[in-house]
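The values are calculated or read from the model by the stated rules, or taken from the named source; none is laboratory data. These numbers come from a predicted model, not from an experiment. Glycine gets a Cβ as well: all are built from the backbone with ideal geometry, and neighbour counts include every protein chain shown. Accessible surface areas use protein heavy atoms only, side chains included; no ligands, DNA or RNA. Shrake-Rupley method; radii C 1.70, N 1.55, O 1.52, S 1.80 Å.
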Amino acid sequence: QVQLVESGGGLVQAGGSLRLSCVASRQPFSNYAMGWFRQAPGKEREFVAAITWSGGSTLYADSVKGRFTISRDNAKNTAYLQMNSLKPEDTAVYYCAARSVVMSTMDNDYDYWGQGTQVTVSS
């Protein structure tokens with residue numbers, strides 16, 4: 001069992017930045033690909049970004065490409081989501097997720113989920 005704990009959410013003005021962190025309880029953290037998803041009120045959960053176990057490859061949703069950066073530090077059991085140039089439409093609860101080795105854009109492929117952290121972007 002892997003426990004994931006997100007932090008770093010908050011209220012920010014449009015154009016601002018936030019960095020989300022996701023700390024995993026289980027080692028070796030490097031066994032797991034990590035993903036970030038988000039869910040806005042009244043909408044389905046959607047893929048944001050994913051990273052392989054090594055950090056060598058990443059994937060991004062078109063809506064965040066060029067603004068968000070996913071990264072990881074396996075020595076710290078932590079994945080990050082750096083969010084720049086935030087827009088009101090980025091407002092959502094952001095979740096990190098883990099799955100064995102191979103990254104995916106599909107939420108059903110992930111085995112472990114955090115509790116979520118709220119990101120609110122004001123206009």
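What the table shows:
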{"quantity": "Which listed residue is aliphatic (A, V, I, L, M) and modelled with pLDDT of 95 or more, from Ala75, Ala61", "calculated": "Ala61"}
{"quantity": "Selection within region 73-98 - over 15 Å from Val119 (Cβ atoms), in contact with a Phe, Trp or Tyr (Cβ under 7 Å, 6 or more places away or on another chain) and buried (at least 22 other Cβ atoms within 10 Å of the Cβ)", "calculated": "Ala97, Ala98"}
{"quantity": "Tally of residues being among the basic types (Lys, Arg), farther than 19 Å from Gly16 by Cβ and in a loop (DSSP other than H, G, I, E, B) across region 73-94", "calculated": "0"}
{"quantity": "Selected residue (criterion: surrounded by the most Cβ atoms within 10 Å (Cβ to Cβ)) from residues of region 55-72 that are in a strand (DSSP E or B) and of a type in the set (A, V, I, L, M, F, W, C)", "calculated": "Ile70"}
{"quantity": "Residues that are surrounded by fewer than 21 Cβ atoms within 10 Å (Cβ to Cβ) and either touching a residue at least 60 places away in the same chain (Cβ under 8 Å) or out of contact with any helix residue (DSSP H, G or I) (no Cβ under 7 Å at 6 or more places or on another chain) (or both), drawn from region 24-35", "calculated": "Ser25, Arg26, Gln27, Pro28, Asn31"}
{"quantity": "Test: residue in region 2-9 that is under 20 Å from Ser122 (Cα atoms), surrounded by fewer than 16 Cβ atoms within 10 Å (Cβ to Cβ) and touching a strand residue (DSSP E or B) at 6+ places or on another chain (Cβ under 8 Å)", "calculated": "yes"}
{"quantity": "Residue satisfying all of: in region 28-53; part of a loop (DSSP other than H, G, I, E, B) and touching a Ser or Thr at 6+ places or on another chain (Cβ under 7 Å); modelled with the lowest pLDDT among these", "calculated": "Trp53"}
{"quantity": "Which numbered condition Asp109 fails, given (1) free of Cβ contacts under 8 Å to residues at least 60 places away in the same chain; (2) among the acidic types (Asp, Glu); (3) over 15 Å from Ile51 (Cβ atoms)", "calculated": "(3)"}
{"quantity": "Long-range neighbours under 8 Å by Cβ, at least six apart or interchain, first residue of a type in the set (A, V, I, L, M, F, W, C) within region 6-23, second open to solvent by 20 Å² or more (accessible area, probe 1.4 Å) and in a loop (DSSP other than H, G, I, E, B)", "calculated": "Ala14/Lys87; Ala14/Ser123; Leu18/Gly8; Leu18/Gly9; Leu20/Gly8; Leu20/Gly9"}
